[in-house]
């Protein structure tokens, strides 16, 4: 199965393949944070994904990369357990997002940013740090 057949670039010509656009300000989905962020799968998480043209050719995984992969798998497992616990709750207790309302946390933070007010930045890590490749 081939998901991507083209490379992605910004209008200025910078490659965003396998990385995407990194926001200037990271904001969680809710005021409590985003506990299910580890369950998100991005193109870069897939095996044999197209790499950014700036990256070196695929090399065997370094020890740091293997450690980072194990940590991501542990985070995913913890998030899966939290998701299972959340699914067991009464459906009336679960809060569904109200997009565009005055209770939309991300929208409120965007409005705060535009008005020059303080913004509650992400409590959880949503962008993975670069893994240093060992040479």
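Overview of values
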| quantity | calculated |
| --- | --- |
| Label-point gap, in nm, between residue 114 and residue 26 - each point 7 angstrom along Cα→Cβ | 2.5 |
| Simple spin-label estimate for residue 78 and residue 123 in nanometres, 7 Å along Cα-Cβ | 1.4 |
| Simple spin-label estimate for residue 15 and residue 1 in nanometres, 7 Å along Cα-Cβ | 2.5 |
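Laboratory data are not the source of any read-out in this text; all were calculated from the coordinates shown. Please read these numbers as outputs of a predicted model, since none were measured by experiment. Using ideal geometry, Cβ is built from the backbone for each residue, glycine included, and neighbour counts are taken over all protein chains shown.
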